[in-house]
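Undergrad: Take this structure, written in structure tokens, and hold onto it; I'll ask about it next.
The values are calculated or read from the model by the stated rules, or taken from the named source; none is laboratory data. For clarity, every value in this text was computed on a predicted model and none was experimentally measured. Reconstructed Cβ throughout: ideal geometry from the backbone, glycine too, with neighbour counts over all protein chains shown. Remember, those area values only see protein heavy atoms, side chains included, never the ligands or the DNA or RNA. Shrake-Rupley method; radii C 1.70, N 1.55, O 1.52, S 1.80 Å.
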Amino acid sequence: MKQCPHCKSEILNDSIYCDRCGQHLMICSDCGTFARGKFCPNCGGKNIIDPLEYEQMQQTQSVAHAASVAAAPVAMQPIQLISADGSIVLKIDDATQQYMIGRKSPQFAYDLLSCSRMSREHATICWNQTAGVWQVTDVGSTHGTFVNDQRITPHVACTISNGDKVTFANYEFNIKV
């Protein structure tokens, strides 16, 4: 509820006329306050317009903002998975590729061969273009995948970012951008 600038009675936010005094209401397009005269009593703005114009302007801005957000893809940031002891470094830098983490990984088999508790196909890491984030997904491994000490649900993608700790079975890695 807002207050009529003419008679000071309570009126609905979307009113065009005051229900009590019948005055045509005007709105400051800068801050959305009901105004009377040439200047806004709230912000001092001079852009006093009809409530219908204000509503149309808000809808247009909302649609334009949604379109600009949807149109602007987030740039992919390469990441590295660095083992807790620093002996293994897995570089992940291709947004179009899904990286398999495991002892039979096409990308990292040599690096992970000695990780005996890790499944042959343990988890995947890929870039989610829509959300603009890296995600890890456990692919049904025997000993599980953990992000920041929380076990993730198999076959459900989980966002990972700089500084996160990801554990495959009992092999701990830190994410570095």
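Undergrad: Just one of the numbered conditions (1) under 18 Å from Thr167 (Cβ atoms); (2) open to solvent by 20 Å² or more (accessible area, probe 1.4 Å); (3) touching a residue at least 40 places away in the same chain (Cβ under 8 Å); (4) of a type outside the set (Asp, Glu) is not true of Met76; which one?
TA: The number of the failed condition is (1).
Undergrad: Next question. Only one of Asn128, Asn162 is open to solvent by 60 Å² or more (accessible area, probe 1.4 Å) and farther than 30 Å from Ser29 by Cβ; which? Don't jump to the end; show me each part of the working.
TA: Working: Asn128 fails: open to solvent by 60 Å² or more (accessible area, probe 1.4 Å).
Answer to the selection: Asn162.
Undergrad: For segment 9-32, give me each residue that is under 33 Å from the mean Cα position of the chain (by Cα) and open to solvent by 40 Å² or more (accessible area, probe 1.4 Å).
TA: Kept after step one, since they are under 33 Å from the mean Cα position of the chain (by Cα), are these residues of segment 9-32: 13-14, 27-32.
Correct list: Asn13, Asp14, Asp30, Cys31.
Undergrad: Scan segment 159-168 and give yes if some residue there is among the small types (Gly, Ala, Ser) and within 23 Å of Ser114 (Cβ to Cβ), otherwise no.
TA: So in segment 159-168, the residues among the small types (Gly, Ala, Ser) come out as 161, 163.
If we keep only those that are within 23 Å of Ser114 (Cβ to Cβ) too, we end up with none.
Looking for residues that are among the small types (Gly, Ala, Ser) and within 23 Å of Ser114 (Cβ to Cβ), one finds none in segment 159-168, hence no.
Undergrad: Sticking with this one: Considering only segment 114-132, state which residues are modelled with pLDDT under 95 and β-branched (Val, Ile, Thr).
TA: Thr130
Undergrad: Out of Thr96, Thr137, I need the residue that is among the hydroxyl-bearing types (Ser, Thr, Tyr) and loosely packed, with under 15 Cβ neighbours inside 10 Å. Which one?
TA: Exactly one residue qualifies, and that residue is Thr96.
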